[in-house]
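Following: one structure in structure tokens, then a few remarks.
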Amino acid sequence: MRRATGISPKRLASLLVGLYPAAWRKRYGTEMLGLLEDDPPSLRGLGTLLVGAADAHLRPQCTWTKSIAPAVRARLSLSALFCCWIAVSMIGIGFQKEIEDPAFSRAAAHHTLLGLAHDTVLAGALLGAAAIAIGGLPLLGQALLQAFRQHDRPLQLIVVLPLAALACFAALTRLLVALAPSGSVARSTWIALAVLVPWWLAGLACATACALAPRLALARLAPSADALRWSSRAGVVLAAAMMLVTVGLIAYVLVLVPVEPRLSGQSGGPVWPSTGLVLALGALGALASTAIALLSVGRSRRALAEA
Amino acid sequence: MAKLEQMGRWSEPGLLVLASLAEGEKHGYAMVSDIEAMAGVHLGPGTLYGALSRLEEQGLIAALAAEGRRRPYRLTGAGARVLREQLTTIAAVADTGLSRLRATPVGA
């Protein structure tokens, strides 16, 4: 069996093993990859890997978790939490972009619940930004000091990576806006695909760089348990902020679809689904990210209690 | 017996793994092949390792030294006791069910 993407089941299975927690991979990863070499999995077998990875994440207190030091587990969990925030941030930006039409503002002013849902998303975003600042700035300060005072070249690259990614994404956005004739994206499927696909891929790459940089930096910095505890407390607030955003998004979709069917049914272009569907998918993504964030914050707290 | 029941949806693959290891130590692929031949069930990698990690956690099986990428497992004394209890219960249920079917054939 070989998928249209060119990824063999064995390769896909190896990628799926990467979804298991790091401590689990350290204990069982090698032998499981050995099994996948001997017995390449079927589609159902690949499904069992997905279920197994989710199950391993939901069982945080097992003997295999001890195979990784508590401080390292705390760092990994905080990195995962930050990745979830990046995902929710992207969904939040998409939400704002999707409802930027003044008709949505008028609808929010007219329907109290819709306005309340929108305000809840904004409140969650602000709370999350504050939690990131409080929990992340001390670590960023430590990273900057180590990178530039101690001339830590790899850390300098890690610190610069998200800034460079954001700059490249902004430049590409400007270029595409300049190249695409006004209104053409909404009229032509081909122009929409030629403009939007590279833009989406660039956005994904940018978000990946922003999510990866703190993970790499934390591994290199090895911050003290006290600094991690501080960040973990801020992580609790961040998870609460993500819950707010998620609740707001779900409420917005649930109110918008019945009260404003015309707005929820409209589409932003030939390759773009309806606003209601886009917002519903965003709400689902935010729900999944928040669930993982809650698991991660709980795991970081438990790891730090052991440290 | 209670130990396997605590494993929820993993109790059935757990029982198959214990039954496979009753023959002697085996690594993952040998277990999958043996279970397929014994019970006609092909355990996926996620299911096998979900069961293995729980059985090891409960002390019913023990990991041996790795042989390259393969790591064999063996049944522990506690694992053998649990397996015996489980199979005795299953055999009693099977005997009772079969004798009842013989006495009152259903759908005949």
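The values are calculated or read from the model by the stated rules, or taken from the named source; none is laboratory data. Just so it is clear, the structure is predicted and the values come from calculations on it, not from any experiment. Here Cβ is always computed from backbone atoms with ideal geometry, including for glycine, and neighbour counts include all displayed protein chains.
From the list A:Leu50, A:Leu46, the lone residue that is over 16 Å from A:Ser300 (Cα atoms), at pLDDT 85 or above and more than 19 Å from the chain's Cα centre (by Cα) is A:Leu46. Inclusion of B:Gly50 among residues that are within 14 Å of another protein chain (Cβ to nearest Cβ), closer than 17 Å to A:Met32 by Cα and not charged (D, E, K, R) is warranted. In the stretch B:4-29, the qualifying residues are those that are buried (at least 19 other Cβ atoms within 10 Å of the Cβ) and of a type in the set (Gly, Ala, Ser), and the one that is modelled with the highest pLDDT is B:Ser20. Taking the criterion of being surrounded by 17 or more Cβ atoms within 10 Å (Cβ to Cβ), in contact (Cβ under 8 Å) with a residue 40 or more places away in the chain and part of a helix (DSSP H, G or I), the residues of the stretch A:35-65 that qualify are A:His57, A:Trp64, A:Thr65. Condition check: modelled with pLDDT under 85, under 20 Å from A:Gly235 (Cβ atoms) and surrounded by fewer than 17 Cβ atoms within 10 Å (Cβ to Cβ). Does A:Pro138 satisfy that? Taking the combined requirement at face value, the residue satisfies it.
Conditions tested, residue by residue: (1) small (Gly, Ala, Ser); (2) under 25 Å from A:Leu19 (Cα atoms); (3) exposed (fewer than 13 other Cβ atoms within 10 Å of the Cβ).
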{"site": "B:Gly59", "(1), (2), (3)": "yes, no, no"}
{"site": "B:Gly68", "(1), (2), (3)": "yes, yes, yes"}
{"site": "B:Ala80", "(1), (2), (3)": "yes, no, no"}
{"site": "B:Gln86", "(1), (2), (3)": "no, no, no"}
{"site": "B:Ile90", "(1), (2), (3)": "no, no, yes"}
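Scanning the stretch A:255-304 for residues that are in contact (Cβ under 8 Å) with a residue 60 or more places away in the chain, surrounded by fewer than 20 Cβ atoms within 10 Å (Cβ to Cβ) and more than 22 Å from the chain's Cα centre (by Cα) returns A:Val259, A:Leu263, A:Gly268, A:Gly269, A:Pro270, A:Val271, A:Arg302.
Residue-level analysis places A:Val195 outside the set of residues that are touching a helix residue (DSSP H, G or I) at 6+ places or on another chain (Cβ under 7 Å) and either assigned by TED's automatic domain parsing to the domain that holds A:Ala130 or outside any helix (DSSP H, G or I) (or both). Checking A:Ser42, A:Ser14 one by one, the residue that is within 30 Å of B:Val32 (Cα to Cα), facing another protein chain (nearest Cβ under 10 Å) and of a type in the set (S, T, N, Q) is A:Ser42 and no other.
Against the criterion of being at pLDDT 95 or above and assigned to a helix (DSSP H, G or I), B:Arg54 does not qualify. Just one of the numbered conditions (1) at negative phi; (2) facing chain A (nearest Cβ under 9 Å) is not true of B:Gly68: (1).
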